[in-house]
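What follows is a short report on a single structure.
The values are calculated or read from the model by the stated rules, or taken from the named source; none is laboratory data. Everything quoted here is computed from the prediction, not taken from an experiment. Here Cβ is always computed from backbone atoms with ideal geometry, including for glycine, and neighbour counts include all displayed protein chains. Only protein heavy atoms, including side chains, enter the accessible area calculation; ligands, DNA and RNA are left aside. Shrake-Rupley method; radii C 1.70, N 1.55, O 1.52, S 1.80 Å.
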Amino acid sequence: MYLQKDFECMPRTNLKKLQSEKLVKEIKYVYDNVECYRKRMDEAGIKPEDIKGIEDLHKLPFSYKSDLRDYYPYGLFARPLSDIVELHASSGTTGKRIVVGYTKNDLDMWAECGARMLTSIGATNEDIIQVSYGYGLFTGGFGLHYGAEKLGLTVIPMSSGNTERQIETMIDFKATILAATPSYALYLAETAEKMGVVDKLSLKAGIFGAEPWTEEMRHQIEEKLHIKAYDIYGLTEIVGPGVAFECDCQAGMHVNEDHFILEIIDPDTLEPIEGDDKLGELVFTTIDREGAPLIRYRTRDLGFIKSSTCKCGRTFVRLSKPRGRSDDMLIIRGVNVFPSQIEEVLLQNCDRGITANYQIVVDRENNTDTLDVFVEMAPDLFADDMASIEKLQKVLVDKLRSVLGIGAKVTLVNPNSIQRSEGKAKRVIDKRKLV
Ligand code: DLL
């Protein structure tokens, strides 16, 4: 049992006090140790002494995904590499990934967040968890793993892929909890149905996140696998999974507010939005991170909060499901994809006979995301034989896979066949209905 009542259920006035104390320390820490923050605070005329508590947070400059790219790989770290024990990464807005470093204490804090979220769904050391999130630079696998280990569950570190083997393993090892992206969970459910083995599963709950999913998907997963399906939210930059988690009430995701301060801002005016149920962009400040702290980090995720005490007793605010983004990032099969990454690959290959006219179509078939890239050929290539066209399609597929980390279907189409727009080109068509 890892309900840390002293924190998770603390009166909000005490929580604000705790956040204020930690914030004051963290700001001095980043000012002393991270050039980017020092410069930005100096430019804004703010000294660490000006931040006396959470009421002063709005005075601080924002930080952005582009900062992680500009200071790639280690420029935003507040500790020397000798103190960093693990690295994680995810896609940036261009080909470059963003990298985040953890000290030993950061890993402990992350594991604590993971143990809290597993406790909140009723897991104990009697449970067996199959972690079917990817292990590696993606935070999903390790995040759940560390949390489960801290709580004493038996961990099956399965990682993703090899779906039939996943199901056999779940059955043979008697997994009681499944951790995966919701779309993969649904795919696993359908495969188990096809194999006719759903009644052989011992699952009771699933812990799903990393991509948008609807209440409809939740019902489908719950019905097909006979489990309760819980939502978890997080992002690589902050701490991967463990930023916010649903409890048994399934009424929003509790933000681990003793570690992360959440603000909601208007993405246009950048002013903080106070109060419940008001949609805005989520901005996080880490107040315990040692390795790679982030101050007023603009996630680009849109959402809202409820701040009343939950029926479960937790006082941490509850975050809605993310309701879209204030930038153009897509999440395809659980992987973050920026259209600019695709465009970059296409532009680099224009001399091979394609043009810069393209369209990206994202859809969902059988609960799996599909990614289609249509690119117009230049007239010379169009006049060429089919074999050259197919060869180039394959080159583009390979290049996209190496940049995006997922497969895309590339179709080279006739010159002038993609509809032109009179205003901004409509490059991306997302046919999934996820919000
Ligand atoms: O997806 C971390 C994670 C792993 C969360 C496992 C939950 C479970 P990134 O790859 O950096 O990190 O992607 C972060 O995914 O900004 C959101 O846009 C989206 N996202 C994460 N959780 C949810 C969710 C991990 N529950 C980006 N619902 C975030 C909708 C989510 N979108």
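Within region 145-158, can you find the residues that are open to solvent by 30 Å² or more (accessible area, probe 1.4 Å) and outside any helix (DSSP H, G or I)?
GLY152, THR154, VAL155, PRO157, MET158
Given the criterion under 22 Å from ALA229 (Cβ atoms) and of a type in the set (D, E, K, R), identify the matching residue among ASP70, ASP106, ASP127, ASP83.
Answer to the check: ASP127.
I'd like the full set of residues that are free of Cβ contacts under 8 Å to residues at least 40 places away in the same chain and under 25 Å from the mean Cα position of the chain (by Cα), limited to region 341-378.
Correct list: GLU365, THR370, LEU371, ASP372, VAL373.
Exactly one condition in (1) open to solvent by less than 40 Å² (accessible area, probe 1.4 Å); (2) at pLDDT 90 or above; (3) touching a Gly at 6+ places or on another chain (Cβ under 8 Å); (4) assigned to a helix (DSSP H, G or I) is false for LEU396; which is it?
Of the numbered conditions (1) open to solvent by less than 40 Å² (accessible area, probe 1.4 Å); (2) at pLDDT 90 or above; (3) touching a Gly at 6+ places or on another chain (Cβ under 8 Å); (4) assigned to a helix (DSSP H, G or I), the odd one out for LEU396 is (3).
How many residues are open to solvent by 20 Å² or more (accessible area, probe 1.4 Å) and either within 18 Å of GLU263 (Cβ to Cβ) or within 16 Å of the ligand (Cβ to nearest atom) (or both) if we restrict to region 312-331?
Taking region 312-331 and keeping what is open to solvent by 20 Å² or more (accessible area, probe 1.4 Å), we get 312-313, 318, 321-329, 331.
Remaining after also requiring either within 18 Å of GLU263 (Cβ to Cβ) or within 16 Å of the ligand (Cβ to nearest atom) (or both): 318, 321-329, 331.
Total meeting the criteria: 11.
Name every residue in region 196-225 that is within 22 Å of ALA251 (Cα to Cα) and either of a type in the set (Asp, Glu) or open to solvent by 20 Å² or more (accessible area, probe 1.4 Å) (or both), in order of residue number.
Those that are within 22 Å of ALA251 (Cα to Cα) and either of a type in the set (Asp, Glu) or open to solvent by 20 Å² or more (accessible area, probe 1.4 Å) (or both): LYS204, ALA210, GLU211, PRO212, THR214, GLU215, GLU216, HIS219, GLN220, GLU222, GLU223, LYS224.
So in region 295-311, with the set limited to residues that are crowded, with 17+ Cβ neighbours inside 10 Å and not charged (D, E, K, R), which one is nearest to the ligand (Cβ to nearest atom)?
In this case the residue turns out to be THR299.
Does region 379-387 contain at least one residue that is under 27 Å from the mean Cα position of the chain (by Cα) and assigned to a loop (DSSP other than H, G, I, E, B)? Outline the logic, then answer.
Of region 379-387, the ones under 27 Å from the mean Cα position of the chain (by Cα) are none.
No, region 379-387 has no match at all.
Going through region 168-177 one residue at a time, which ones are in a helix (DSSP H, G or I) and either crowded, with 23+ Cβ neighbours inside 10 Å or not assigned by TED's automatic domain parsing to the domain that holds ILE121 (or both)?
Hit for region 168-177 is MET170, nothing else.
Can you give me the number of residues within region 392-408 that are hydrophobic (A, V, I, L, M, F, W, C) and on the phi > 0 side of the Ramachandran plot? If you could, list the steps in order and put the result at the bottom.
First, the residues of region 392-408 that are hydrophobic (A, V, I, L, M, F, W, C): 392, 395-397, 400, 403-404, 406, 408.
Remaining after also requiring on the phi > 0 side of the Ramachandran plot: none.
Going through region 392-408 one residue at a time, the tally reaches 0.
Listed here are the residues, each with its yes/no results for (1) within 16 Å of the ligand (Cβ to nearest atom); (2) of a type in the set (A, V, I, L, M); (3) surrounded by 14 or more Cβ atoms within 10 Å (Cβ to Cβ).
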residue	(1), (2), (3)
PHE338	yes, no, yes
ILE354	no, yes, yes
VAL361	no, yes, yes
PRO379	no, no, no
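From the list ILE261, ILE265, which residue is away from the ligand (no atom under 16 Å from the Cβ) and either surrounded by fewer than 24 Cβ atoms within 10 Å (Cβ to Cβ) or touching a residue at least 24 places away in the same chain (Cβ under 8 Å) (or both)?
The match here is ILE261.
Pairs under 7 Å by beta carbon, first residue in contact (Cβ under 8 Å) with a residue 40 or more places away in the chain and in the same structural domain as VAL99 (by TED's automatic domain parsing) in region 63-88, partner in a helix (DSSP H, G or I) and open to solvent by less than 50 Å² (accessible area, probe 1.4 Å), six or more apart or different chains?
What qualifies is GLY75/CYS36; LEU76/CYS36; LEU76/ASP67; LEU76/LEU68; ALA78/TYR29; ALA78/VAL30; GLU86/LEU107; HIS88/THR139.
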